[in-house]
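*Asks:* Take a look at this one; I'll ask things after.
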Amino acid sequence: MKVMHVVLSLDVGGLERNVLNQVREGCGLGQQSSVLCLERPGTLASRAKELGARVVCVDKTPGIRPGIVPRIRSVLEAVEPDVVHTHQIGPLFYTGLASHGLGIPLIVHTEHGREDYAGRRLLRWLGRVAGMHASCLFCLTQDMADGVIGSRIVPRGKVRLIHNGIDLSVFRQRHDRVVVRRSLGIAPEAVVVGTVGRLTEVKNQELLIRAFAQVKGQIPEAHLILVGDGPLAGELRDLAASLGVDESVHFAGYQPNSAPYLQAFDVFALTSRSEGMPQSVLEASACGIPVVASRVGGLPELIEHGRTGVLFDPGDQPGLESALMALLADPPRARELGAAGRAKVESLYDVGRMARDYHQHFVATLGNRCKEVDSVIH
């Protein structure tokens, strides 16, 4: 079965890691994978090639670009995929237009975030036009599914729920947290809050740094680690300096393997304004690290407040400070939440389960279509 994933790029992010996981697991399921990048190959393109995928880029420039459709069509004609699996609405829009008349057996789409279809008219129109090209629209959380259905992007019957998955074996490996801490100039006995993610406006790391400055006033030995890179790196460094905590806020940059850093944290914090089902939370929980996260998107489905983690209202700095202080001051309680979070992730969010769910849908749908064609012929 030839499966082509279509993305804007393979830059570093949860969506892109999800695609890499599907490429890797798909090989064992008998899939021959390729990845079509519309804008640029991205940092993870080399990894996709190492996993055996063919990676093609058509160099789309930003904005609405109908002229890119013939280039996409040429790629589809050359690869002749059995399944086209798009990620984000833009790729579905362009690939759907390019696929007309090619007889591609199956086009499906996955929503990776909680798009603001209700509040943005152009995005809602784009989603509805794009949605006509997909036989099925997968959502990672019920919250995302409700948003798609409520905005009438596609009919309810087209929507399916498949939870995200991660490679649990990577996070079961134990790393020496002291090594990571020392590499950043942090004492082994210090208390550490950390986060992993792109340094962008939607992740709202500004809130985390401001909250940490208050925590630091109460716990002088506290440190904050931010793993990831992005356009706001400079501004966030300046903010830490202006708050007088720059010596305790450590920017670790992009790390291809986040597990050693996650295991160096005492508490993981996610302060996003919007989320689907963030892989970073799954990964932190898989390491047994207690999670404090904003109550947005699919996070209330992933985190059971007070049992597998702690939720606070988005933008609520006092609420975030209180949650961090409570866990840092009560290590047994923090370990209890971390253990419960790990048990939940291990039972529900394995990458093998995710890949099998997608594959079973592909096989069942293609099989039914073959039967339909056969009945027409005979």
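The values are calculated or read from the model by the stated rules, or taken from the named source; none is laboratory data. The structure presented is a predicted model; accordingly, all values stated were derived computationally and were not measured. For neighbour counting, all protein chains shown are included, and Cβ atoms are generated from backbone atoms with ideal geometry for every residue, glycine included.
To keep it simple, each residue is scored yes or no on (1) part of a loop (DSSP other than H, G, I, E, B); (2) without any contact (Cβ under 8 Å) to a residue 12 or more places away in the chain; (3) among the small types (G, A, S).
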residue: K60; (1), (2), (3): yes, no, no
residue: G63; (1), (2), (3): yes, yes, yes
residue: V75; (1), (2), (3): no, no, no
residue: Y94; (1), (2), (3): no, no, no
residue: L97; (1), (2), (3): no, no, no
residue: L102; (1), (2), (3): yes, no, no
residue: T110; (1), (2), (3): no, no, no
residue: E115; (1), (2), (3): yes, no, no
residue: D143; (1), (2), (3): no, no, no
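*Asks:* What residue, among those in the range 4-14 that are surrounded by fewer than 22 Cβ atoms within 10 Å (Cβ to Cβ) and of a type in the set (A, V, I, L, M), is farthest from P278 (Cα to Cα)?
*Replies:* L8
*Asks:* While we're on this one: Can you find a residue that is surrounded by 13 or more Cβ atoms within 10 Å (Cβ to Cβ) and within 28 Å of G42 (Cα to Cα) anywhere in the range 206-220?
*Replies:* yes
*Asks:* It is to be established whether one or more residues within the range 327-347 are outside the structural domain of G42 (by TED's automatic domain parsing), under 30 Å from A187 (Cα atoms) and in a loop (DSSP other than H, G, I, E, B).
*Replies:* Among the residues of the range 327-347, at least one is outside the structural domain of G42 (by TED's automatic domain parsing), under 30 Å from A187 (Cα atoms) and in a loop (DSSP other than H, G, I, E, B), which makes the answer yes.
*Asks:* L366 is checked against (1) closer than 22 Å to M144 by Cβ; (2) assigned by TED's automatic domain parsing to the domain that holds L106 and fails just one. What number does that condition carry?
*Replies:* Of the numbered conditions (1) closer than 22 Å to M144 by Cβ; (2) assigned by TED's automatic domain parsing to the domain that holds L106, the odd one out for L366 is (1).
*Asks:* OK, next. If I filter the range 258-277 for residues that are touching a Pro at 6+ places or on another chain (Cβ under 9 Å), in contact (Cβ under 8 Å) with a residue 40 or more places away in the chain, in a helix (DSSP H, G or I) and surrounded by 24 or more Cβ atoms within 10 Å (Cβ to Cβ), do I get at least one hit?
*Replies:* No, that holds for no residue.
*Asks:* I need the full set of residues from the range 9-43 which are over 17 Å from G165 (Cβ atoms), more than 14 Å from the chain's Cα centre (by Cα) and of a type outside the set (S, T, N, Q), in order please.
*Replies:* Selection gives G30, V35, L36, C37, L38, E39, R40, P41, G42.
*Asks:* Let me ask you something else. If the Cβ limit is 8 Å and pairs must be 6+ apart or interchain, which residue in the range 18-39 that is at negative phi and part of a strand (DSSP E or B) pairs with which residue that is hydroxyl-bearing (S, T, Y) and surrounded by fewer than 22 Cβ atoms within 10 Å (Cβ to Cβ)?
*Replies:* Within 8 Å, the pairs are C37/S9; L38/S9; E39/S9; E39/T61.
*Asks:* Could I ask something else about it? Go through the range 293-319 and give me each residue that's of a type in the set (A, V, I, L, M) and either in a loop (DSSP other than H, G, I, E, B) or within 19 Å of the chain's Cα centre (by Cα) (or both).
*Replies:* A293, V296, L299, L302, I303, L311
*Asks:* Here's another thing I want to ask about it. Considering each of R152, R181 in turn, give the residue that is in a loop (DSSP other than H, G, I, E, B) and not aliphatic (A, V, I, L, M).
*Replies:* When all the criteria are applied, what remains is R152.
*Asks:* Taking D59 and the conditions (1) over 28 Å from L126 (Cβ atoms); (2) surrounded by fewer than 15 Cβ atoms within 10 Å (Cβ to Cβ), which numbered condition does it fall short on, given that it satisfies the others?
*Replies:* It is condition (1) that D59 fails.
*Asks:* Using the structure shown, decide if R156 is loosely packed, with under 14 Cβ neighbours inside 10 Å and either under 30 Å from L366 (Cβ atoms) or not aromatic (F, W, Y) (or both).
*Replies:* Judged against the criteria, R156 is a match.
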